[in-house]
Amino acid sequence: MRAGEALRRLGERRPLVHHITNYVSVGLVANATLCTGALPVMAHAREEVAEMSGAAGALVLNIGTLDERQVESMLAAGRAANERGIPVILDPVGAGATALRTRTAGRLLSELEVSAVCGNAGEIATLAGLAAEVRGVESIGGDAREAALKAASSLGLTVAATGAVDYVCGGGRALAVENGHPLLGRVVGSGCASTAVVGCFAAAAGSADPETVAHALAYFGCAGEEAARGAGGPGTFEARLLDALAALSSDPSRLSGRLRVGDAGAG
Amino acid sequence: MRAGEALRRLGERRPLVHHITNYVSVGLVANATLCTGALPVMAHAREEVAEMSGAAGALVLNIGTLDERQVESMLAAGRAANERGIPVILDPVGAGATALRTRTAGRLLSELEVSAVCGNAGEIATLAGLAAEVRGVESIGGDAREAALKAASSLGLTVAATGAVDYVCGGGRALAVENGHPLLGRVVGSGCASTAVVGCFAAAAGSADPETVAHALAYFGCAGEEAARGAGGPGTFEARLLDALAALSSDPSRLSGRLRVGDAGAG
Amino acid sequence: MRAGEALRRLGERRPLVHHITNYVSVGLVANATLCTGALPVMAHAREEVAEMSGAAGALVLNIGTLDERQVESMLAAGRAANERGIPVILDPVGAGATALRTRTAGRLLSELEVSAVCGNAGEIATLAGLAAEVRGVESIGGDAREAALKAASSLGLTVAATGAVDYVCGGGRALAVENGHPLLGRVVGSGCASTAVVGCFAAAAGSADPETVAHALAYFGCAGEEAARGAGGPGTFEARLLDALAALSSDPSRLSGRLRVGDAGAG
């Protein structure tokens with residue numbers, strides 16, 4: 001689904017997007033969800049996650065500050081989402097940096113039917129079994145396109161590797177998204193927020209096919225471009241990013257001609 | 001207690017307001033407390049909550065991201081607050097959305113002497129036993145005035161149902177607060193922040209009677225009106241909301257003639 | 001190490017700084033770390049903290065919202081940091097306010113080799129065994145210089161007591177840092193953020209000697225001074241503070257002549 005249609009649906013239906021996420025960027029993630037037109041809810045208690053996912057249009061799992069109990073809740077929520085057939089999006093934050101993160105990302109992918117994985121090049125390369133350097137939660141170098149292609153093929157789902165150019169692969173397709181701005185890399189949690197927007201678009205579309213994911217990232221990147229104009233640095237940029245997400249979602253026609261989503265060669 | 005007097009007392013006494021709250025809006029809640037003139041503290045460890053509440057002027061319980069251990073800490077802190085006779089404010093975030101949240105709100109209300117409950121129309125309707133739709137943590141429709149009246153009567157305490165107009169009921173009174181701005185509904189945690197401000201005013205007044213609660217919400221709404229002028233969207237609005245809370249609390253005379261608190265018919 | 005050299009090293013090496021911290025100011029702490037030029041990572045799971053600290057250039061422990069499990073993780077991470085010889089920085093948030101916080105700060109100091117402690121005057125006085133009033137996480141009065149001198153002497157490490165003037169003592173030296181702005185005291189977590197910047201400088205220098213700590217605080221204070229120009233209050237100031245940290249770290253020559261670090265008498 002393309003961005004304009006996804007944003008119009010979100011504005012009409014206001015689906016719930018259930019996040020089980022890290023406590024570093026949780027506020028930005030929730031606000032990005034609301035500014036995109038969906039209703040965010042964060043709920044992690046074992047006793048309620050299945051019920052909450054049961055009311056949601058998509059589930060977003062982010063392992064940025066994972067611990068054992070949180071992973072159990074992710075599995076319970078994911079099973080409920082799978083039973084209802086709603087999209088499950090995984091952001092494997094820090095996979096490759098510690099054994100716990102790599103193992104947990106693998107466990108979520110094997111025990112749940114994940115619709116799409118969104119991460120930086122190093123995290124995606126780790127999941128694809130390629131050599132990668134992940135320092136904390138940052139990717140150091142690496143070929144994002146190759147990582148996304150390989151991971152999409154081996155995992156059999158949509159994979160986005162985000163960076164200066166985002167690559168979205170799956171089902172034999174490979175798309176490149178060229179929207180964005182360097183200031184996005186200077187804000188903690190901007191990657192988590194872009195994955196949250198993917199969750200919103202997946203809730204609107206009812207799936208996380210490559211086009212839907214690429215258009216979510218393109219819309220997010222456009223907001224970054226708009227926010228950068230007049231920003232004084234990373235702090236004021238973050239506030240303006242939310243302004244831009246809200247402005248573009250409430251008038252999707254403003255995206256016209258600005259989305260730079262293109263073919264990225266054979267998937 | 002009216003807003004001017006509450007803000008003057010807060011500036012002089014700087015009471016501690018103890019929050020046990022969710023991790024989504026915790027930063028906004030803490031900063032709203034500080035900008036209103038009180039000292040915020042977040043502490044949730046079972047070993048220290050009673051001691052922390054023992055030093056506070058009010059306790060604010062917010063179940064936005066509750067889990068079992070946090071609820072135990074809320075009960076321990078609440079008992080300490082009750083023993084010392086300081087106001088306890090409850091924000092029943094998401095009551096009506098899951099059984100855990102509805103049950104927990106009920107348990108806190110039955111095991112503790114809560115002074116005031118502040119929530120959206122759907123959450124308050126749920127506590128009043130009325131039909132309600134709560135999607136995640138958002139209220140979908142519903143009659144806020146009716147919900148507040150019924151809940152105040154059945155629970156026997158001050159109840160605020162917030163929305164485009166806030167209704168504050170209790171002790172046979174019903175007040176309507178018409179301050180506010182639509183952008184408040186576009187910021188995650190603005191409801192939590194308004195409840196935090198109610199906690200500050202209750203700490204100043206030593207109680208959470210309807211007038212005190214209504215004036216807290218009116219002051220918060222005025223700050224929203226002021227913040228909206230010149231805001232570019234929800235992100236810049238949030239920063240400006242804190243600026244406005246701080247500006248109004250340090251010079252309460254600026255509220256003169258701007259508070260729109262009125263009678264809302266028979267309680 | 002002086003500020004210019006520390007910032008140049010951070011820009012070249014991008015060391016990881018591992019934080020185990022509170023959930024109130026965690027977003028500000030992470031963004032301040034990134035804006036200073038280091039890579040922040042928050043990880044608290046017992047299973048991964050040692051591995052994460054093993055990849056880091058410094059470890060920052062902040063007890064602002066401590067609980068039992070988090071303290072166990074701090075000890076495990078601290079031991080790993082000690083084995084590798086990387087600096088460990090402690091922010092004893094709320095020491096003096098509850099027995100749990102005072103006891104935990106003492107336990108971390110006795111079981112780990114801490115390089116530097118950074119806190120407000122009341123927290124530092126508590127660690128020095130002096131009378132102190134700590135209301136929640138705020139220091140009420142107290143002599144910061146005396147507290148820092150006494151704590152540095154009794155603990156045998158670098159101690160910073162922050163306030164209108166910051167005092168940094170250790171190894172027979174006592175330095176005063178006069179950079180800063182009153183708006184820093186109006187933002188929740190600005191003290192946590194300044195400790196995070198100390199962690200970044202310690203990662204650059206490989207130690208937390210008084211000069212390195214004082215220059216970190218002076219750089220942070222300069223950013224506060226710059227952010228205050230044009231800020232409309234605490235909310236817009238916080239965003240501008242991150243802008244200023246990023247601007248000064250990417251061009252350290254702009255600090256020239258602005259750092260006000262001086263001798264503060266016999267240590």
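Computed from point charges on the beta carbon alone (+1 for Lys and Arg, -1 for Asp and Glu), the dipole magnitude for region A:9-129 about its Cα centre is near 200 Debye.
If R0 is taken as 25 Å, the Cβ-Cβ distance between B:Glu12 and B:Glu51 corresponds to a FRET efficiency of 0.50. Arranged from fewest to most other beta-carbon atoms within 10 Å of their beta carbon, C:Cys35, C:Cys222 become C:Cys222, C:Cys35. Between A:Glu68 and A:Arg258, the distance separating the two model label sites (each 7 Å from Cα on the Cα→Cβ line) works out to 4.8 nm.
With the convex hull drawn around the C-alpha atoms of region C:166-258, the volume per residue stands at 91 Å³. Across region B:91-169, the volume of the C-alpha convex hull divided among the residues equals 68 Å³ per residue. Summed over all non-identical Cα pairs, the Kirkwood treatment of region B:1-137 gives a radius of 15.2 Å. Could you give the distance between the Cα centres of region C:1-62 and region B:11-71, to the whole Å? Spelled out, the Cα-based centre of one part sits 27 Å from the other. Label-point spacing at A:Glu12 relative to the other copies reads 5.9, 5.9 nm, in ascending order, each point sitting 7 Å out from Cα along Cα→Cβ. In terms of other Cβ atoms within 10 Å, C:His215, B:His44 run from fewest to most in the order B:His44, C:His215.
The distance from the alpha carbon centre of region C:72-136 to that of region A:173-236 is 40 Å, rounded to a whole number.
Just so you know, the Rg over Rh for region A:207-257 is 1.03, from Cα atoms, with Rh as the Kirkwood radius. The share of alpha-carbon pairs in the protein assembly as shown lying farther apart than 43 Å comes to 23%.
Using θ = phi - 60° in the Karplus curve 6.51 cos²θ - 1.76 cosθ + 1.60, the 3J(HN,Hα) couplings for region B:134-147 round to 10, 9, x, 10, 10, 8, 10, x, x, 9, 4, 5, 4, 4 Hz; x is entered for Gly and Pro. Among C:Met1, A:Met74, sorting on how many other beta-carbon atoms sit within 10 Å of each Cβ, with the fewest leading, yields C:Met1, A:Met74.
Here's the picture: charge each Lys and Arg Cβ at +1 and each Asp and Glu Cβ at -1 in chain C, and of C:Gly136, C:Ala148, C:Thr65 the one pushed furthest to the positive end of that dipole is C:Ala148. Relative contact order for region C:3-263 using alpha-carbon pairs under 8 Å, separation at least 6, rounded to a whole percent? Result for region C:3-263 is 20 percent.
Measuring how big region B:1-77 is from its alpha-carbon positions, Rg and Dmax come out at 12.9, 39 Å. Calculated mean residue ellipticity, 222 nm, the protein assembly as shown: -15500 deg cm²/dmol, from DSSP H runs (n ≥ 4) at -39500 (n - 2.57) each, averaged per residue and rounded to 500. Applying Stokes-Einstein at 10 °C and 1.306 mPa s to the Kirkwood radius of region C:125-210, computed over alpha-carbon pairs, gives a translational diffusion coefficient of 117 µm² s⁻¹. As a length-normalised measure over Cα pairs under 8 Å and 6 or more apart, the relative contact order of region C:131-179 settles at 25 percent.
Each Cα pair of chain B feeds into the Kirkwood radius, which the Stokes-Einstein equation turns, at 10 °C and 1.306 mPa s, into a diffusion coefficient of 90 µm²/s.
In a simple Cβ point-charge model (Lys, Arg +1; Asp, Glu -1; nothing else charged), region B:3-263 has a dipole of about 200 debye relative to its Cα centre.
Take the convex hull of the alpha carbons in region B:163-208; its mean projected area over all directions comes to 3.5 nm².
Coordinate-derived values only; no laboratory data. A quick note: this is a predicted structure, and the numbers were derived from the prediction, not measured. Methodologically, a virtual Cβ is constructed for each residue, glycine included, from the backbone with ideal geometry; neighbour enumeration extends over all protein chains shown.
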